[in-house]
Amino acid sequence: MSGSIEEFHSKKAGDGYYERLEAELKKLNAELHAFNNITLLNTGGYPFSAKDNLCVEGVETTASSRILKGYVPPFNATAVERLLKRKFTFIGKTNMDEFGFGTFGLNSDEPARNPFNREYVTGGSSSGAAVATSVMKYHVALAVSTGGSISAPSSFCGVVGFTPTYGLVSRYGLLDYGNSLDKIGIISRSASDTANVFDLIRGPDDKDSTSVSEAPKKEKAKKNLFVIKELLKGETQSYFERFCDKLRGLGYAIGEVSVPDIEKAVQAYYIISMAEASTNLAKYTGFKYGYKNSGFEKGYNEFFTEARSNFGVEAKRRIVLGTFVRSSSVRSKYYDKAMKVRALLTSRLSKTLEKGNIIIPAMPILTPKIEEARQMDSVSVYKMDISTIPPNLCGLPHVCFPYDYAGGMPIGAQIIGSHFSDNGVLEFVQEWEKTFKYKFKYDVGAL
Ligand code: GLN
């Protein structure tokens with residue numbers, strides 16, 4: 001496959017390759033803002049990047065937040081460490097919505113630009129990871145999804161975004177957003193590269209007690225697929241229906257299931273994720289990490305107010321709402337109910353997944369222009385996660401991949417499998433890639 005890890009090694013990068021790559025990336029980055037910093041480590045291997053909420057020893061890690069400016073971790077996240085050990089070359093930290101809070105990639109000081117057309121959003125929160133993948137010929141990105149941050153940017157930037165079963169990849173060294181939801185995954189240009197890299201980063205880790213020792217099942221692509229009726233609407237519907245016809249032509253059987261309360265997944269997700277985020281952000285006080293404020297002279301409240309005023313608007317909103325839903329007076333009204341929705345949805349989807357995989361559009365809309373997305377209110381933005389939240393809320397493995405182009409912009413679908421069916425969903429996308437050629441506007445680093 002063109003651009004694959006195998007091909008890179010067979011072609012052999014000659015003298016000066018990494019210097020040229022660095023220079024080219026820096027030049028393009030001035031326009032696309034895919035990277036928060038470009039720093040090459042361990043040169044000589046296949047290039048990989050890490051989302052800016054994954055710790056890399058000696059490299060500034062900010063999760064695109066002003067409150068972490070200047071924070072340089074003294075250790076590597078496990079996923080990063082495992083790739084460095086296998087002689088991959090680290091190339092930089094990718095841009096993102098602050099702390100992972102966002103759907104369009106617009107919640108950072110310098111949002112990334114879509115390489116297909118700079119007036120359009122990249123999707124978020126792993127915006128830079130998807131842009132870097134879309135512009136580089138040889139590269140894989142370590143990205144993170146809590147409620148869709150791998151699928152959304154992969155859909156809008158036309159790349160392959162894989163979110164594994166919760167617990168299969170250690171979260172050690174990740175700046176947590178929502179611990180019960182966060183998954184480290186991979187964005188690449190092909191599902192076979194992803195499968196190879198996944199094998200290197202997954203597996204139990206003493207440093208993360210939620211990492212599991214089970215291995216993903218050895219599985220082929222399932223021929224029985226199900227669409228969720230309630231998710232077939234909006235701008236992407238007719239494209240998706242044509243895609244389903246193509247799949248039928250390739251020998252897949254496609255059935256329909258109804259999950260009437262699916263939109264409650266969005267409400268449950270935002271309650272749970274904000275509750276967790278508000279506790280995770282409590283540690284950013286100006287004491288330990290990053291931002292250093294002027295001192296204690298002014299008093300206790302002023303000290304923390306100064307430090308915490310560095311959070312962006314969306315982070316502040318989530319601290320306030322997350323703290324509210326956790327408070328004892330309303331806990332049973334919001335948080336406990338959200339947990340029930342989560343359990344019900346997991347059992348409902350698992351029943352369908354016993355019979356085959358689920359295939360749904362990744363996003364309900366075609367890629368919006370930046371200006372259009374900026375005009376949407378918060379709740380309308382949250383609702384855009386209607387298809388990406390269900391597999392994330394339930395910890396199910398899923399892959400977003402391009403299946404069509406509209407007006408030159410890519411459109412993505414999501415294939416979802418049961419827990420530990422990671423190989424099966426990756427195989428499905430590998431099969432798709434035999435019949436459909438992805439398009440890219442750039443091939444930085446080509447050999
Ligand atoms: N859009 C969702 C949110 O803002 C998901 C983001 C993510 O997966 N980090 O929470």
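The values are calculated or read from the model by the stated rules, or taken from the named source; none is laboratory data. Here the structure is a predicted model, which means the values were calculated and not measured. Note that each Cβ is placed from the backbone with ideal geometry, even for glycine, and that neighbours are counted across all protein chains shown. When the accessible area is computed, the model is the full protein with side chains, heavy atoms only, and any ligands, DNA or RNA have been set aside. Shrake-Rupley method; radii C 1.70, N 1.55, O 1.52, S 1.80 Å.
Count, please, the residues in the stretch 42-91 that happen to be of a type in the set (A, V, I, L, M) and either farther than 17 Å from T194 by Cα or in a loop (DSSP other than H, G, I, E, B) (or both). Quick ask: steps written out before the conclusion?
Residues of the stretch 42-91 of a type in the set (A, V, I, L, M): 50, 54, 56, 59, 63, 67-68, 72, 77, 79-80, 83-84, 91.
In the following step, the residues that additionally are either farther than 17 Å from T194 by Cα or in a loop (DSSP other than H, G, I, E, B) (or both) were identified as 54, 56, 59, 63, 67-68, 72, 77, 91.
So the answer is 9.
Could you tell me which of the residues V72, V56 is without any contact (Cβ under 8 Å) to a residue 40 or more places away in the chain, in contact with a strand residue (DSSP E or B) (Cβ under 8 Å, 6 or more places away or on another chain) and open to solvent by 30 Å² or more (accessible area, probe 1.4 Å)? First the steps, then the outcome.
On the way: V56 fails: open to solvent by 30 Å² or more (accessible area, probe 1.4 Å).
Matching residue, one of V72, V56: V72.
Consider the stretch 375-412. How many of its residues are within 17 Å of the chain's Cα centre (by Cα), part of a loop (DSSP other than H, G, I, E, B) and more than 25 Å from A315 (Cβ to Cβ)?
Here the count works out to 3.
Find the residue count for the stretch 140-186, including only residues that are away from the ligand (no atom under 11 Å from the Cβ) and on the phi > 0 side of the Ramachandran plot.
Final tally of qualifying residues: 3.
Of all residues in the stretch 152-175, which are in contact with a helix residue (DSSP H, G or I) (Cβ under 8 Å, 6 or more places away or on another chain) and small (G, A, S)?
Passing the criteria: S154, G158, G161, S170, G173.
In this structure, is A265 within 26 Å of R342 (Cβ to Cβ) and either within 16 Å of the ligand (Cβ to nearest atom) or open to solvent by less than 10 Å² (accessible area, probe 1.4 Å) (or both)?
On the way: within 26 Å of R342 (Cβ to Cβ): yes; either within 16 Å of the ligand (Cβ to nearest atom) or open to solvent by less than 10 Å² (accessible area, probe 1.4 Å) (or both): yes.
Yes; evaluated as a whole, the condition is true for this residue.
State all residues of the stretch 381-397 that are within 12 Å of the ligand (Cβ to nearest atom) and either open to solvent by 10 Å² or more (accessible area, probe 1.4 Å) or touching a Phe, Trp or Tyr at 6+ places or on another chain (Cβ under 9 Å) (or both); if no residue qualifies, say none. I'd like the intermediate steps shown before the answer.
Going through the stretch 381-397, the residues within 12 Å of the ligand (Cβ to nearest atom) turn out to be 381-389, 391-393.
Of everything in the stretch 381-397, those that are within 12 Å of the ligand (Cβ to nearest atom) and either open to solvent by 10 Å² or more (accessible area, probe 1.4 Å) or touching a Phe, Trp or Tyr at 6+ places or on another chain (Cβ under 9 Å) (or both) turn out to be V381, Y382, K383, M384, D385, I386, I389, N392, L393.
For the stretch 298-365, which helices (runs of 4 or more DSSP H) that fit wholly inside it have 3 or more residues that are of a type in the set (F, W, Y)? First the steps, then the outcome.
On the way: elements: 300-308, 313-326, 335-353.
Hits in the stretch 298-365: 300-308.
So, in the stretch 417-442, exactly how many residues are within 20 Å of the chain's Cα centre (by Cα) and not acidic (D, E)?
Initial filter on the stretch 417-442 (within 20 Å of the chain's Cα centre (by Cα)): 417-430, 438, 440.
Among the residues that remain, those that are also not acidic (D, E) are: 417-421, 423-426, 428-430, 438, 440.
Final tally of qualifying residues: 14.
Can you tell me how many residues in the stretch 77-111 are more than 13 Å from the ligand (Cβ to nearest atom) and over 20 Å from L40 (Cα atoms)?
So the count comes out to 3.
If a residue must be touching a strand residue (DSSP E or B) at 6+ places or on another chain (Cβ under 6 Å) and open to solvent by 70 Å² or more (accessible area, probe 1.4 Å), how many such residues does the stretch 5-35 contain?
Within the stretch 5-35, residues that are touching a strand residue (DSSP E or B) at 6+ places or on another chain (Cβ under 6 Å) and open to solvent by 70 Å² or more (accessible area, probe 1.4 Å) number 2.
Tell me, please, whether a residue that is modelled with pLDDT of 95 or more, among the basic types (K, R), within 16 Å of the ligand (Cβ to nearest atom) and surrounded by 15 or more Cβ atoms within 10 Å (Cβ to Cβ) can be found in the stretch 338-346.
Yes, the conditions are met somewhere in the stretch 338-346.
What number of residues in the stretch 321-337 are of a type outside the set (F, W, Y), in contact (Cβ under 8 Å) with a residue 24 or more places away in the chain and open to solvent by 40 Å² or more (accessible area, probe 1.4 Å)?
4
Have a look at A277, A221, A253 and point out the one that is buried (at least 18 other Cβ atoms within 10 Å of the Cβ) and modelled with pLDDT of 95 or more.
Values: A221 fails: modelled with pLDDT of 95 or more; A253 fails: buried (at least 18 other Cβ atoms within 10 Å of the Cβ).
When all the criteria are applied, what remains is A277.
Would you point out the residue of the stretch 286-318, among those that are small (G, A, S) and away from the ligand (no atom under 16 Å from the Cβ), that is most open to solvent (accessible area, probe 1.4 Å)? Break it down stepwise before answering.
As a first pass, look at the stretch 286-318 and keep what is small (G, A, S): 286, 290, 294-295, 299, 307, 309, 312, 315.
Filter once more, keeping what is away from the ligand (no atom under 16 Å from the Cβ): 286, 290, 294-295, 299, 307, 309.
Working: G286: 8, G290: 15, S294: 80, G295: 20, G299: 20, A307: 0, S309: 64 Å².
Result: S294.
Is it the case that K283 is more than 16 Å from the ligand (Cβ to nearest atom) and either surrounded by 18 or more Cβ atoms within 10 Å (Cβ to Cβ) or closer than 23 Å to G100 by Cβ (or both)? Outline the logic, then answer.
Values: more than 16 Å from the ligand (Cβ to nearest atom): yes; either surrounded by 18 or more Cβ atoms within 10 Å (Cβ to Cβ) or closer than 23 Å to G100 by Cβ (or both): yes.
Judged against the criteria, K283 is a match.
What are the residues in the stretch 228-243 that are closer than 21 Å to T367 by Cβ and either in contact with a helix residue (DSSP H, G or I) (Cβ under 6 Å, 6 or more places away or on another chain) or in a helix (DSSP H, G or I) (or both), if any?
Initial filter on the stretch 228-243 (closer than 21 Å to T367 by Cβ): 231-243.
Across the stretch 228-243, the qualifying residues are L231, Q237, S238, Y239, F240, E241, R242, F243.
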